[in-house]
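Chemist: Handing you this structure, nothing more for now.
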Amino acid sequence: MSRISRPDASGAAGRSGRHAPGARILSQPAMAFSAPSGAISSSAMLLWPYRRVLWRAARNDVAARYAGSLLGAGWAVLTPLLLLAVYGVVYLAIFQVRVPGLAPWDYILYIFSGLVPYLATGEALAIGVGSVVTSRTVLSSTVFPIDLVPAKAVVGSLATLSVGLTVTAVGAAVTGRLTWTAALVPILVLLHAMALLGLLWLLSLLNVVLRDLPSLLNMGLMVMLIASPIAYTPAMVPGRLRPFLLVNPFSYLVTAYQELLVLGELPTPRHSAVVVGGSLLLFYLGGWVFARGKRIVIDYV
């Protein structure tokens, strides 16, 4: 009896000069990383093995966001500048706010150094909270795990944050405000991203069962814009209202950016402990909860 040999898929692909649809996409991650096998204890364990896939996905999302527009990625610079111009007119020309120790241009930079992290945070939350619900097709994917969908929103928002902080640093250098403390900003950006990702892992799961969450989040972002010391310093807040700053976690991040970039100061030890400890706690808690809760998500999405 003659033996019928099975055609070799790789050989057929080589002879035809083409791969089967999807073959290249599925094979790339296997060559690029070694994913953890079996169940994982935290979604954070997937970030490093899947870093290349995550970076490509976030880069493509940012490119698609500005595709077809006249200014393209220039909107990442123009949007915060326009908002900054509005703040400058309102607080400098109308309210005539003057901050001791800061010239008018320094005050503009002070606002900008707090406004940019707010815009990046709002962008990541707006995209990431509903990301699990809108990504049903990758719920069981091994090429791009669902854990990385909220992470993609955070990585994408880093483009807005990086451009804005660079503009702020250049302005501070021109006015003579830039000091060695600006070298610590990348560490703060990393902590900021970790806190955002941990929060999104929690909120994206909650959004599966509470679909009103994006609407509630929009209201929360408006309140956060006013309740955070972006256009004013903590010293300008009346004593009876300062407890609201203490319970606002975002105010610690905003103040840290302003101190490092514009004021040339180091955050106090207590301030630093809140930022570092809070970011790490949120990151690992969110990753731990998401790794366990995603098994239930499939039944609801």
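Chemist: Out of Y87, Y110, Y91, I need the residue that is within 29 Å of L263 (Cβ to Cβ), at pLDDT 90 or above and in contact with a helix residue (DSSP H, G or I) (Cβ under 8 Å, 6 or more places away or on another chain). Which one?
Modeler: On the way: Y87 fails: at pLDDT 90 or above; Y91 fails: at pLDDT 90 or above.
Just one listed residue meets the conditions, Y110.
Chemist: Which pairs have Cβ atoms under 8 Å, sit 6 or more apart or on different chains, and link a residue in region 216-235 that is of a type in the set (A, V, I, L, M, F, W, C) to one that is at pLDDT below 90 and in a helix (DSSP H, G or I)?
Modeler: A227/F244; A227/L245; A231/Y87; A231/Y91
Chemist: Identify the single condition in (1) within 13 Å of L197 (Cβ to Cβ); (2) of a type in the set (S, T, Y); (3) surrounded by 24 or more Cβ atoms within 10 Å (Cβ to Cβ) that S131 does not satisfy, given that it satisfies every other one.
Modeler: If we test S131 against (1) within 13 Å of L197 (Cβ to Cβ); (2) of a type in the set (S, T, Y); (3) surrounded by 24 or more Cβ atoms within 10 Å (Cβ to Cβ), just (3) comes out false.
Chemist: Looking at region 73-99, which of its residues are in contact with a Pro (Cβ under 8 Å, 6 or more places away or on another chain) and among the hydroxyl-bearing types (S, T, Y)?
Modeler: Once the filter is applied, which keeps residues that are in contact with a Pro (Cβ under 8 Å, 6 or more places away or on another chain) and among the hydroxyl-bearing types (S, T, Y), region 73-99 yields nothing.
Chemist: Let me ask something else about it. Scan region 225-247 for residues that are of a type outside the set (V, I, T) and within 27 Å of W105 (Cα to Cα) and report the count. Lay out the reasoning, then the answer.
Modeler: Step one: list which residues in region 225-247 are of a type outside the set (V, I, T), which gives 225, 227-229, 231-232, 234-236, 238-246.
Filter again for within 27 Å of W105 (Cα to Cα), leaving 225, 227-229, 231-232, 234-236, 238, 242, 245.
Selection size over region 225-247: 12.
Chemist: Between a residue in region 266-285 that is closer than 13 Å to Y252 by Cβ and assigned to a helix (DSSP H, G or I) and any residue that is among the charged types (D, E, K, R) and modelled with pLDDT of 95 or more, which pairs come within a Cβ distance under 9 Å, given they are 6 or more apart or on different chains?
Modeler: The qualifying pairs are H271/E259.
Chemist: Right, something else. Out of L125, L158, L119, L190, which single residue is under 23 Å from A76 (Cα atoms), within 14 Å of the chain's Cα centre (by Cα) and without any contact (Cβ under 8 Å) to a residue 12 or more places away in the chain? Break it down stepwise before answering.
Modeler: Working: L125 fails: without any contact (Cβ under 8 Å) to a residue 12 or more places away in the chain; L158 fails: without any contact (Cβ under 8 Å) to a residue 12 or more places away in the chain; L119 fails: without any contact (Cβ under 8 Å) to a residue 12 or more places away in the chain.
When all the criteria are applied, what remains is L190.
The values are calculated or read from the model by the stated rules, or taken from the named source; none is laboratory data. Predicted model only: the values in this text are computed from it and were never measured. Neighbour counts run over all protein chains shown; Cβ positions are idealised from the backbone, glycine included.
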